[in-house]
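To start, the structure itself, in structure tokens.
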Amino acid sequence: MNTTQELARRIAAVAAAFVLAFSGATAFASIGDATGSGDSKSVSTQGKKCKKKSKKCKKKTPATVATPAPTGFVPGRVVEIRYEASAIGGADTPAVYPTGPLFPVNVIVGPGEVLATIEIVDDFSPNASAGFSYDSDGDGLNDAGFDVCGSTPEPVEVIPGTQYNIFPYLLPSTTCTDGVATAGTIKVTFNQV
């Protein structure tokens, strides 16, 4: 099966899950735990080629990405999170994650970790975007966070002890026009504590 057929199959599966989720039950991102041991697994990366041969394109930085943190980032704990489905929506629209209860995608920031770099490597799409959100006021709803298009160009600030629920977006947006997440790996590298 070629890449295009596999992408079409995955999109159809997500669409079917969406229909199933709203035919009598609602599904939103669920609570789960992804912790890292500090060991990094090898991840195959797919470089995006520019029109000029042998040069890599810079990924566009979306306007909604969190403000870059001050310099002095020293890498520490690495967490690799696998996602097998996408949230239906994008950075510009509300996103519903119908497979969230089956495949929760989230990460908990450890004590003393205040900076992170993030890289999204999709299995089929050359660029992918995701929303990282959390409940800032304790009412059970994700109401704060930031979006990542491909990767963060600089470390972003994160809140120690906070669980960030991750929504890999199926649809592109105005801030990530070529970002389509199907299935892949999100690599979060926290600062050294």
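The values are calculated or read from the model by the stated rules, or taken from the named source; none is laboratory data. Because the structure is predicted, anything quoted here is derived from the model rather than measured. FYI the Cβ positions are ideal-geometry reconstructions off the backbone, even for glycines, and counts take in every protein chain you see.
In the set Ile81, Ile88, only one residue is at pLDDT 90 or above and touching a strand residue (DSSP E or B) at 6+ places or on another chain (Cβ under 9 Å); that residue is Ile81.
Within this structure, Phe146 fails the test of being in contact with a helix residue (DSSP H, G or I) (Cβ under 9 Å, 6 or more places away or on another chain) and aromatic (Phe, Trp, Tyr). Cβ-Cβ contacts under 7 Å between residues 6 or more apart (or on different chains), taken from a first residue in the range 144-167 that is without any contact (Cβ under 8 Å) to a residue 24 or more places away in the chain to a second residue that is part of a loop (DSSP other than H, G, I, E, B) and of a type outside the set (D, E, K, R), are listed as Ala144/Ser136. Exactly one residue out of Ile120, Ile108, Ile159 is within 16 Å of Gly179 (Cα to Cα) and β-branched (Val, Ile, Thr), and it is Ile120. Which residues, taken from the range 155-170, are more than 15 Å from Asn106 (Cβ to Cβ) and within 16 Å of the chain's Cα centre (by Cα)? Across the range 155-170, the qualifying residues are Pro155, Val156, Glu157, Tyr169, Leu170. When you check Phe146 against the structure, is it among the aromatic types (Phe, Trp, Tyr) and in contact with a Lys or Arg (Cβ under 6 Å, 6 or more places away or on another chain), yes or no? Here the answer is no, as Phe146 does not meet what is asked.
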